[in-house]
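See structure below.
Taken together, the values in this text are just the output of simple stated rules run on the coordinates, not laboratory data. Small disclaimer: the values here were computed from a predicted structure and weren't measured.
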Amino acid sequence: MGTTGAQSAAAISLTGTAVTAYSQYQAGRTNDIFATTNAAGADYQAKDALSRGKTAVARHRERVSQLLASQRVGYAAQGIRIDDGSALEVQQDTAQQAELDVLTIKNNAAMEAFGYRAQARDYRVQGKLGKIAARGEATNTLLTGVAKANAQYSADTKE
């Protein structure tokens, strides 16, 4: 093959190599963007879990407050002193159990949020690693493509 033909073949080969490398690089960037978007969604879910936990605590405390009021009214209607003896003990037990329930609700919300935050972190890491891997693949494609084009050009010009 003549020099012009060898140059044309090398140019076509290098163009294909460049397009492939650019596509690999862009795929890595796109994956990073998707991972970042997924991470933002997981961050939102973490905040939502904590918000729902606060709402659940408020609702639970309201129900317990109503229960305690109902207990007091019931005891008072029966002529039982509400600030002494077993009536007081029942109210204290109710309040203690309610606080344990509140701690459970808060803990569950915190654990759910922790899971979402961990997921967000994983998404971010996957995106960054994918981007790095894509750069490596693109670099490898470029180096291999240039070496192959050079070898082919050398072989074609020797003929």
Discussion item. Suppose the chain between R63 and N108 were pulled fully straight at 0.36 nm per residue; how much longer would it get relative to their current alpha carbon spacing?
Written reply: 14.3 nm
Worksheet item: Given 0.36 nm per residue, what is the gain on full extension from T4 to A95 after removing their alpha carbon distance, in nm?
Response: 23.6 nm
Fill in: Crossing angle, helix 85-158 versus the chain [Cα axis fit, 0-90 degrees, rounded to tens]
0 degrees
Discussion item. For Cα pairs less than 8 Å apart in space and 6+ apart in sequence, what is the mean separation divided by the residue count of the chain, i.e. the relative contact order in percent?
Written reply: 56 percent
Discussion item. Give the lysines whose C-alpha is closer than 30 Å to that of K106, dropping any in the same chain fewer than 8 places away, or say none.
Written reply: K47, K54
Practice prompt. Enter the Cα centre distance for the pair segment 37-111 and segment 1-32, rounded to the nearest angstrom.
Written response: 66 Å
Worksheet, complete the sentence: Residue separation between L50 and I12 times 0.36 nm, minus their alpha-carbon distance, gives in nm 7.9 nm
Worksheet item: Any idea what angle helix 3-77 forms with the longest principal axis of the chain, computed on alpha-carbon atoms, 0 to 90 degrees, nearest 10?
Response: 0 degrees
Practice prompt. As a check on your grasp of the helix formula, calculate [θ] at 222 nm for the chain: sum -39500 (n - 2.57) over DSSP H runs of n ≥ 4, divide by the residue count, round to the nearest 500.
Written response: -35500 deg cm²/dmol
Practice prompt. Give, in whole angstrom and from largest to smallest, the semi-axes √(5λ) of the equivalent ellipsoid of the chain, with λ running over the eigenvalues of the Cα gyration tensor.
Written response: 76, 10, 5
